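Chemist: Starting off with a structure, shown below.
The values are calculated or read from the model by the stated rules, or taken from the named source; none is laboratory data. Everything numeric here is computed off the predicted structure, so don't read it as measured data. Ideal geometry is used to build each Cβ from the backbone, glycine not excepted, and the neighbour counts take in all protein chains shown. Heads up: the accessible areas ignore ligands, DNA and RNA and are worked out on the full protein's heavy atoms, side chains in. Shrake-Rupley method; radii C 1.70, N 1.55, O 1.52, S 1.80 Å.
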Protein chains: 2
Amino acid sequence: MATQTKPVLHGYFRSSCSWRVRIAFALKGIEYDQVPVNLIKDGGQQRTQEYKTLNPMQQVPAVEIDGITLSQSLAVIQYLDETRPGARLLPADPKKRAHVRIISDIIASGIQPLQNLYVIQKIGAEKVQWSQHFIDRGFQALEPLLKQTAGKYCVGDEISMADICLVPQVYNAERFKVDMEQYPTIKRLNQTLLEIDAFKVSHPSNQPDTPADLRA
Amino acid sequence: MATQTKPVLHGYFRSSCSWRVRIAFALKGIEYDQVPVNLIKDGGQQRTQEYKTLNPMQQVPAVEIDGITLSQSLAVIQYLDETRPGARLLPADPKKRAHVRIISDIIASGIQPLQNLYVIQKIGAEKVQWSQHFIDRGFQALEPLLKQTAGKYCVGDEISMADICLVPQVYNAERFKVDMEQYPTIKRLNQTLLEIDAFKVSHPSNQPDTPADLRA
């Protein structure tokens with residue numbers, strides 16, 4: 001019997017988009033191999049010609065799976081959900097799916113792209129205020145939305161792609177010293193989710209490429 | 001027999017995210033009402049308390065449909081696809097769906113958020129170079145990807161969400177004077193798509209709130 005090849009995740013321990021994919025793998029119970037791409041060292045290993053063939057945006061993550069190479073974390077997560085058994089990452093109900101995607105996209109299109117490494121390197125000296133501004137702007141929209149949609153998790157009582165996006169974004173917010181007391185719903189959801197195994201094993205403090213001084 | 005209430009699109013003629021939703025409505029053959037939200041006038045009508053209840057991100061579009069209010073254009077498009085008959089906006093095959101989502105997300109997360117009105121107002125004097133830089137960066141990634149995935153349209157020979165995202169982004173690129181000759185595949189796809197009725201009727205030059213001097 002041929003052994004099924006394990007998916008390969010090219011990522012970086014502290015990248016929030018890589019963390020999203022790690023959470024999805026963990027929630028689905030899928031074993032995978034990790035190839036670290038150091039975004040800082042040597043001017044950024046994502047800029048090599050070799051990596052560019054995996055992800056032409058020169059960003060992490062890239063995932064080799066089923067004979068193809070995927071990028072863009074939400075595309076990867078939804079591909080896993082549509083091809084793998086186990087816990088659903090999007091609910092069956094179309095209205096709930098829409099709410100999951102709205103929350104995910106506010107983070108993935110409305111917040112993260114504006115405070116990622118590449119952009120804040122371009123912003124320069126003002127990068128902390130810039131990042132705080134865009135995280136606060138997004139969280140001020142998310143807080144009232146989540147008050148309406150949340151149960152135990154972001155949308156009702158089932159873990160979904162929205163939760164997968166939320167926790168890494170809160171981690172970034174904390175790195176940029178955003179005052180989380182303004183967002184009690186986000187804070188509560190994040191605390192609940194961080195207790196779950198799939199969020200713990202995938203945490204940036206706990207990856208093969210996590211530097212020793214940042215290990216949990 | 002009760003009349004089904006038509007969906008209401010709150011949008012702006014020149015907003016690329018509003019245009020995406022207009023294309024999706026047109027491809028699905030769904031009649032809808034439009035409520036213009038002028039992003040410039042009165043400091044931006046998207047900033048009113050009334051609009052904020054429709055979309056807490058204070059961006060267009062927002063769509064009232066089936067008793068709920070949706071925002072984030074890709075969430076809206078996928079909701080329409082999952083609840084309405086007619087032309088599929090995402091292919092049935094999971095690998096093709098992943099490619100559609102990768103292309104869509106490169107635009108919706110990797111390009112558009114960095115050159116939208118709110119961000120370039122914050123950038124100030126450098127806004128044209130800033131926008132060109134991020135559009136070029138995204139198109140340099142899209143061009144080789146599309147060379148692999150495209151047939152007549154972005155992914156094979158069926159129109160999809162990827163095409164819905166591509167055309168409005170090329171429109172923005174042209175506004176910012178990006179040299180499209182660098183991207184022959186993108187240029188060819190855009191020209192083909194602009195001949196299709198759903199892309200014509202939804203065009204910014206042809207909306208209820210299009211100013212007279214910008215009308216086709």
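Chemist: Going by the conditions given, is A:Glu31 surrounded by fewer than 17 Cβ atoms within 10 Å (Cβ to Cβ), in contact with a helix residue (DSSP H, G or I) (Cβ under 9 Å, 6 or more places away or on another chain) and within 20 Å of B:Leu74 (Cβ to Cβ)? Walk me through it before giving the result.
Modeler: Numbers: surrounded by fewer than 17 Cβ atoms within 10 Å (Cβ to Cβ): yes; in contact with a helix residue (DSSP H, G or I) (Cβ under 9 Å, 6 or more places away or on another chain): yes; within 20 Å of B:Leu74 (Cβ to Cβ): no.
Here the answer is no, as A:Glu31 does not meet what is asked.
Chemist: Would you mind telling me which numbered condition in (1) more than 10 Å from chain A (Cβ to nearest Cβ); (2) in contact with a Lys or Arg (Cβ under 9 Å, 6 or more places away or on another chain); (3) among the hydrophobic types (A, V, I, L, M, F, W, C) B:Leu114 fails?
Modeler: Exception for B:Leu114: condition (1).
Chemist: Of all residues being among the hydrophobic types (A, V, I, L, M, F, W, C) and either under 15 Å from A:Pro144 (Cβ atoms) or more than 14 Å from every other protein chain (Cβ to nearest Cβ) (or both) in segment B:52-65, which is most open to solvent (accessible area, probe 1.4 Å)? Just the residue, please.
Modeler: Of segment B:52-65, the ones among the hydrophobic types (A, V, I, L, M, F, W, C) are B:54, B:57, B:60, B:62-63, B:65.
Within this subset, residues satisfying the condition of being either under 15 Å from A:Pro144 (Cβ atoms) or more than 14 Å from every other protein chain (Cβ to nearest Cβ) (or both) are B:54, B:57, B:62.
Details: B:Leu54: 38, B:Met57: 7, B:Ala62: 0 Å².
Only one residue tops the list, namely B:Leu54.
Chemist: Taking B:Glu181 and the conditions (1) open to solvent by 60 Å² or more (accessible area, probe 1.4 Å); (2) under 14 Å from the mean Cα position of the chain (by Cα), which numbered condition does it fall short on, given that it satisfies the others?
Modeler: Only one criterion in (1) open to solvent by 60 Å² or more (accessible area, probe 1.4 Å); (2) under 14 Å from the mean Cα position of the chain (by Cα) is unmet by B:Glu181, namely (2).
Chemist: Against the condition in the same structural domain as B:Thr83 (by TED's automatic domain parsing), open to solvent by 40 Å² or more (accessible area, probe 1.4 Å) and within 20 Å of A:Ile102 (Cα to Cα), how does B:Arg22 come out, does it pass?
Modeler: Values: in the same structural domain as B:Thr83 (by TED's automatic domain parsing): yes; open to solvent by 40 Å² or more (accessible area, probe 1.4 Å): no; within 20 Å of A:Ile102 (Cα to Cα): yes.
For B:Arg22, the condition - in the same structural domain as B:Thr83 (by TED's automatic domain parsing), open to solvent by 40 Å² or more (accessible area, probe 1.4 Å) and within 20 Å of A:Ile102 (Cα to Cα) - is not met.
Chemist: Only residues that are of a type in the set (D, E, K, R) and either at pLDDT 95 or above or in contact with an Asp or Glu (Cβ under 7 Å, 6 or more places away or on another chain) (or both): list them for segment B:87-125, please.
Modeler: The initial filter retains those residues of segment B:87-125 that are of a type in the set (D, E, K, R), namely B:88, B:93, B:95-97, B:101, B:105, B:122.
Answer for segment B:87-125, where residues must be of a type in the set (D, E, K, R) and either at pLDDT 95 or above or in contact with an Asp or Glu (Cβ under 7 Å, 6 or more places away or on another chain) (or both): B:Arg88, B:Asp93, B:Lys95, B:Lys96, B:Arg97, B:Arg101, B:Asp105.
Chemist: For segment A:87-107, enumerate the residues that are within 18 Å of B:Arg97 (Cβ to Cβ) and open to solvent by less than 10 Å² (accessible area, probe 1.4 Å). Before you say what the answer is, go through the steps one by one.
Modeler: Our first condition is that a residue be within 18 Å of B:Arg97 (Cβ to Cβ); within segment A:87-107, this holds for A:88-92, A:94, A:97-98, A:100-101, A:104-105.
Residues satisfying the conditions are A:Leu89, A:Leu90, A:Ala98, A:Val100, A:Arg101, A:Ser104.
Chemist: If you scan segment A:48-65, which residues turn out to be charged (D, E, K, R) and assigned to a helix (DSSP H, G or I)?
Modeler: A:Glu50, A:Lys52
Chemist: Starting from segment A:19-47, take each residue that is at pLDDT below 95 and part of a helix (DSSP H, G or I) and list its partners that are open to solvent by 20 Å² or more (accessible area, probe 1.4 Å) and of a type in the set (D, E, K, R), counting only C-beta distances under 7 angstrom and pairs at least six apart or across chains.
Modeler: none
Chemist: Within segment A:121-140, identify whether any single residue is within 24 Å of A:His10 (Cβ to Cβ), surrounded by fewer than 24 Cβ atoms within 10 Å (Cβ to Cβ) and within 12 Å of chain B (Cβ to nearest Cβ), and answer yes or no. Walk me through it before giving the result.
Modeler: Filtering segment A:121-140 for residues within 24 Å of A:His10 (Cβ to Cβ) gives A:121-122.
Subsequent filtering for residues that are surrounded by fewer than 24 Cβ atoms within 10 Å (Cβ to Cβ) retains A:121-122.
Of the ones still in play, those that are also within 12 Å of chain B (Cβ to nearest Cβ) are A:122.
Yes: one or more hits.
Chemist: Exactly one condition in (1) polar (S, T, N, Q); (2) within 12 Å of the chain's Cα centre (by Cα); (3) within 14 Å of chain A (Cβ to nearest Cβ) is not met by B:Thr149; state its number.
Modeler: (2)
Chemist: Please go through segment B:66-86 and give me each residue that is at pLDDT 95 or above, outside any helix (DSSP H, G or I) and open to solvent by 40 Å² or more (accessible area, probe 1.4 Å), ordered by number.
Modeler: Filtering segment B:66-86 for residues at pLDDT 95 or above gives B:66-85.
Then keep just the ones that are outside any helix (DSSP H, G or I); that gives B:66-72, B:84-85.
Correct list: B:Asp66, B:Gly67, B:Thr69, B:Arg84, B:Pro85.
Chemist: Further, regarding this structure: Restricting to segment A:36-51, name every residue that is farther than 18 Å from A:Arg175 by Cβ and either in contact with a helix residue (DSSP H, G or I) (Cβ under 7 Å, 6 or more places away or on another chain) or surrounded by fewer than 16 Cβ atoms within 10 Å (Cβ to Cβ) (or both).
Modeler: At the first step, the residues of segment A:36-51 found to be farther than 18 Å from A:Arg175 by Cβ are A:36-37, A:41-51.
A:Val37, A:Lys41, A:Asp42, A:Gly43, A:Gln45, A:Arg47, A:Thr48, A:Gln49, A:Glu50, A:Tyr51, listed by residue number.
Chemist: Next question, about the same structure. What's the total number of residues in segment B:1-19 that are open to solvent by less than 30 Å² (accessible area, probe 1.4 Å) and closer than 17 Å to B:Leu117 by Cβ?
Modeler: 9
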